[in-house]
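Below: one structure, written as structure tokens.
The values are calculated or read from the model by the stated rules, or taken from the named source; none is laboratory data. Since we're looking at a predicted model, the values are computed, not measured. Reconstructed Cβ throughout: ideal geometry from the backbone, glycine too, with neighbour counts over all protein chains shown. Only protein heavy atoms, including side chains, enter the accessible area calculation; ligands, DNA and RNA are left aside. Shrake-Rupley method; radii C 1.70, N 1.55, O 1.52, S 1.80 Å.
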Amino acid sequence: METDTHASSLTVSSGLKQPYHLVDPSPWPIIGSVGGGLTVLGIVFVAHYNSWALLIVGLLVVLATMYFWWRDVLRESRTSGLHSPVVRLGLRYGMTLFIASEVMFFVAFFWAYFNFALYPEHVAGNTAGIWPPPGVHTFDPFHIPFLNTLILLLSGTTITWAHHALIENDRKTLVLGLGLTVLLGISFTSLQVVEYSNAPFHFSGGVYPSVFFLATGFHGFHVIVGTCFLIVCWLRAQNGQFTPQRHFGFEAAAWYWHFVDVVWLFLFVCIYWWGAGQIAVE
């Protein structure tokens, strides 16, 4: 009997102390997976049957999962003792690998673009062997695209300003810098909507429009996600949830935003400027 009791106590607790945080059981991974599956299936139904119901349900499930899961993560970050130095280091590694995976997305888009731009004779119907293909009128790179470039570069400056304010424990400047960055992100997205609405070509207009809208549209999606990320940080900053010692949520948002800035510079130089052909007359 004594042996059984002793063995039971060893099973319950080994006495090993470790710095890692084991998260509580959560329903959000499986719910998010279901939402993602419904979203993909909904896209198929829209494409083939013009039925939007499944897509809308899937998107709502995904959005709800994002909200409630991030809410739980924020609560966890504010619980004393859970995010130890080792856990914070793991979060930094995770964010770094996530951004690296996002980089590879854009590598694929740039690869596709340069494959056709450098070898235009591979484009079906492009007997002239030029890029952009004959009949494609491109955007003036020094109109809205250049303005958006200045906006994103300025936003990189304001978020860095906010970061320095946080390090110096200047909460007022932190909130101001984050607020300006959010406004600049919204301005970028608004101008891109104007640009798309005046596009001289359509997504189904051939290789150039397809690659252009995939690359710039995917980047635009990242700007929207980054803007939402920054809005959450702005609200948290107003509530005093960041300190000079503990502010990984802000750092992650800043890293992501700088990644968005750098990708746009490549898009502007390679697609808008270097890849400019006959400019569309507005």
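Quick one: angle between helix 207-238 and the longest Cα principal axis of the chain, in degrees between 0 and 90, rounded to 10, please.
Between the helix axis and the principal axis of the chain, the angle is about 40 degrees.
Would you work out the relative contact order for the chain, in percent, from Cα pairs under 8 angstrom that are 6 or more residues apart?
Relative CO of the chain lands at 20 percent.
How much accessible area per residue does the chain have, counting only protein heavy atoms and a probe of 1.4 Å, in square angstrom?
Value returned for the chain: 59 Å² of accessible area per residue.
Which of rounded, prolate, oblate describes region 30-173, given a ≥ b ≥ c as roots of the alpha-carbon gyration tensor eigenvalues and a/c under 1.5 marking rounded, otherwise prolate only if a/b is larger than b/c?
Oblate is the answer for region 30-173, as a/c is 1.5 or above yet b/c matches or exceeds a/b.
How much of the accessible area of the chain, in percent, comes from carbon and sulfur atoms when a 1.4 Å probe is used?
70 percent
Above 23 Å lies some portion of the pair distances; for the chain, what is it as a whole percent of all C-alpha pairs?
66 percent
Using a Debye calculation, one point per C-alpha and no hydration shell, please list log10 I(q)/I(0) for region 204-264 at q = 0.14, 0.26, 0.27, 0.29 Å⁻¹ in order.
The Cα Debye sum returns log10 ratios of -0.50, -1.02, -1.05, -1.12.
For every other residue with a beta carbon closer than 15 angstrom to the beta carbon of Phe250, add +1 if it is Lys or Arg and -1 if Asp or Glu, then tell me the sum.
Around Phe250, the charge tally is +3.
What number results when the radius of gyration of region 75-140, computed over Cα atoms, is divided by 2.2 N^0.38 Å?
2.08
7 Å from Cα along Cα→Cβ at both Lys172 and Glu76: what's the point-to-point distance in nm?
Using points 7 Å along Cα→Cβ, the separation is 3.7 nm.
By accessible area of protein heavy atoms, probe 1.4 Å, what ranking do Thr65, Thr157 get, highest first?
Result, largest first: Thr157, Thr65.
Kindly express, to the nearest 10 degrees and within the range 0 to 90, the angle between helix 171-197's C-alpha long axis and the longest C-alpha principal axis of the chain.
40 degrees
Kindly express, to the nearest 10 degrees and within the range 0 to 90, the angle between helix 53-77's C-alpha long axis and the longest C-alpha principal axis of the chain.
50 degrees
Which residue fluctuates most in the GNM of the chain (Cα springs below 10 Å): Pro200, Pro25, Pro145?
Answer for the Gaussian network model of the chain: Pro25.
How many Å³ per residue does the convex hull of the Cα positions in region 162-278 occupy?
So the per-residue hull volume is 98 Å³.
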